[in-house]
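As structure tokens, the structure follows; a few thoughts come after it.
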There are 2 protein chains.
Amino acid sequence: MTDVIIIGSGPAGISAALTLQANNKNFIWFGKKELSAKIRKAEKIHNYPGLSDVSGEDFCNMLRQQLSAAGLSPIEKTVTGVYAMDDSFSVLCNDEMFESRIVIVATGVETLKTVEGEADFIGRGVSYCATCDGLLYRGKDIAILCTAKDLEHEIDYLASLARTVHLFPLYPAPKQFAGNVILHKGMPERLLGSLRLEKLKAGGQEIPVDGMFFLKNSVSPSVLIGGIQMDGAHVHVDRSQATSLSGCFACGDCTGRPYQYAKAVGEGNVAAHSAIAFLAKH
Amino acid sequence: MTDVIIIGSGPAGISAALTLQANNKNFIWFGKKELSAKIRKAEKIHNYPGLSDVSGEDFCNMLRQQLSAAGLSPIEKTVTGVYAMDDSFSVLCNDEMFESRIVIVATGVETLKTVEGEADFIGRGVSYCATCDGLLYRGKDIAILCTAKDLEHEIDYLASLARTVHLFPLYPAPKQFAGNVILHKGMPERLLGSLRLEKLKAGGQEIPVDGMFFLKNSVSPSVLIGGIQMDGAHVHVDRSQATSLSGCFACGDCTGRPYQYAKAVGEGNVAAHSAIAFLAKH
């Protein structure tokens, strides 16, 4: 069993990984090789101590060089679930399972508002994982809300299974999809149904659907990690970055404002030190 | 009245200053132009995200360049006391008084152990400020514990007033002092007296003294700030870096372990944002 699994490759996850590495801990790190799309998009960073008025692109390149020099690279897998066991965690990446004694959650925040009714139908029509649940909708009618161009391959996959796909792309210039994909503008207004999702309201009309996929680069920890205590949209943590689940630490934007690089790297560092102390104690 | 006074020019104070500046807040910043002696001494920094295996000297130079580009430079004054008023703070630098609505404490930690009895005689023979209390000991016998070479001018000043000075220098190669300065090795073991300090135990002998000065680059916040709640040697803060005194925030090593640059810059950033929110609210 691995000591630590880190989920997320933004500044908080990077800071945690560098600190665990510097302390010779064994860990698995899930994230994106390109690190964080959000950093890359930052125009200028003015208040990160040590780097003067650096662009997001430059900051990202510096981080990649530093990781590469440290022999670190995140594994490109999407974590689809984290389950607290007696004294360990099972971390699911679609159909692969990993085990660790500690989990560090650094998943960021999706600033996207949820759709009215979204939370009511999780597991009853609402899904965040095409690979996990796609097969359930073979030959059926579904809707997809997608927040990023790099997730379009998941739309292709779902379109290859479903009869009709109502697509709500929230990024510029979506590509050409298969003929059964109907493009909609903006966000759906509301999800409706009784026991299961039955239809959605969008652009003034009601569209009957059997399921709806929300394809985002970062899923709320409340969805990802069963039983974790939240403060509104954020993971509840104490000063040691400990969450309500023993052995699970969280850091970066997912723990709350300010959404700042300095705050994220600081919390990643503290989470790693708390993980090391936890391992020493248990 | 100034909005904010920042005390300290290590990574936490620098981070707070950069963030207040980026948000166009007016503030006074007390610290050292050379920033932090501790950073400068660091051999290699491995886990500060964005800077790969940088030396302390290089990190310090990068910070100075960044501050200079931002038009920022700490004012070289030693803060000798912080007093909470009704809805403001009075900050004393020897005989000069400054006022602000908010104070951000980023004074670091002095890892030096206290001497047994030190806390018992504060204000009754024990002093942390040569300029404040030196004149009280004209023609008298004193002891001085000094932790850094850059404070030797304070020893000179005290030696010009006192009859005899028992000096405990805790740094290598102290300079030649005036003839009334007697050098001792190591730390004094204990301070003794009844109402006031009367003598100290050191190297197995008892030395009669009227007062003892502790000359350090960073004084414990418990001594500096009347009424502030401590957790042992550290300032008690919540997740927003708020201390027990309304309008007073603390960040960096003074709030506790891990003593890490990333943690310090993160907390400095959060303290600055909390200060901005506090100003907006009050």
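When you look at B:ASP87, is it assigned by TED's automatic domain parsing to the domain that holds B:TYR259, without any contact (Cβ under 8 Å) to a residue 40 or more places away in the chain and over 17 Å from the mean Cα position of the chain (by Cα), yes or no? Criteria not met by B:ASP87. Residues in the range B:77-109 that are modelled with pLDDT of 90 or more, acidic (Asp, Glu) and out of contact with any strand residue (DSSP E or B) (no Cβ under 8 Å at 6 or more places or on another chain): B:ASP86, B:GLU96. With respect to being outside any helix (DSSP H, G or I) and either at negative phi or not assigned by TED's automatic domain parsing to the domain that holds B:GLU189 (or both), B:LEU151 falls outside the description. Residue-level check: of (1) farther than 25 Å from A:GLY232 by Cβ; (2) in contact with a Ser or Thr (Cβ under 7 Å, 6 or more places away or on another chain), A:LEU170 misses just (1). Among B:LYS199, B:LYS263, which is the only one that is surrounded by 21 or more Cβ atoms within 10 Å (Cβ to Cβ) and of a type in the set (Lys, Arg)? From the options B:LYS199, B:LYS263, the qualifying one is B:LYS263.
With the structure loaded, tell me whether B:GLY186 is crowded, with 18+ Cβ neighbours inside 10 Å, of a type outside the set (A, V, I, L, M), assigned to a loop (DSSP other than H, G, I, E, B) and on the phi > 0 side of the Ramachandran plot or whether it fails that test.
no
Checking A:LEU35, A:LEU51, A:LEU72, A:LEU112 one by one, the residue that is within 14 Å of another protein chain (Cβ to nearest Cβ), surrounded by fewer than 18 Cβ atoms within 10 Å (Cβ to Cβ) and either touching a Lys or Arg at 6+ places or on another chain (Cβ under 7 Å) or assigned to a loop (DSSP other than H, G, I, E, B) (or both) is A:LEU72 and no other. Scan the range B:118-148 for residues that are at pLDDT 90 or above and closer than 15 Å to B:ASN217 by Cβ and the total you get is 4. Given the condition within 14 Å of chain B (Cβ to nearest Cβ) and in contact (Cβ under 8 Å) with a residue 60 or more places away in the chain, answer yes or no: does some residue in the range A:204-223 qualify? The answer is no, given that none of the residues of the range A:204-223 is within 14 Å of chain B (Cβ to nearest Cβ) and in contact (Cβ under 8 Å) with a residue 60 or more places away in the chain.
Identify, please: which residue in the range B:234-263 is under 15 Å from B:PRO11 (Cα atoms) and of a type in the set (Ser, Thr, Tyr) and is, among those, farthest from the other protein chains (Cβ to nearest Cβ)? It comes out as B:TYR259. Scanning the range B:247-261 for residues that are more than 14 Å from the chain's Cα centre (by Cα) and free of Cβ contacts under 8 Å to residues at least 24 places away in the same chain yields B:ARG257, B:PRO258. Inspect all residues belonging to the range A:236-254 and state whether any of them is surrounded by fewer than 16 Cβ atoms within 10 Å (Cβ to Cβ) and part of a strand (DSSP E or B). Checking the range A:236-254: not a single residue is surrounded by fewer than 16 Cβ atoms within 10 Å (Cβ to Cβ) and part of a strand (DSSP E or B).
The values are calculated or read from the model by the stated rules, or taken from the named source; none is laboratory data. This is a predicted model, so every value here is computed, not measured. Cβ atoms come from the backbone with ideal geometry, glycine included; neighbour counts cover every protein chain shown.
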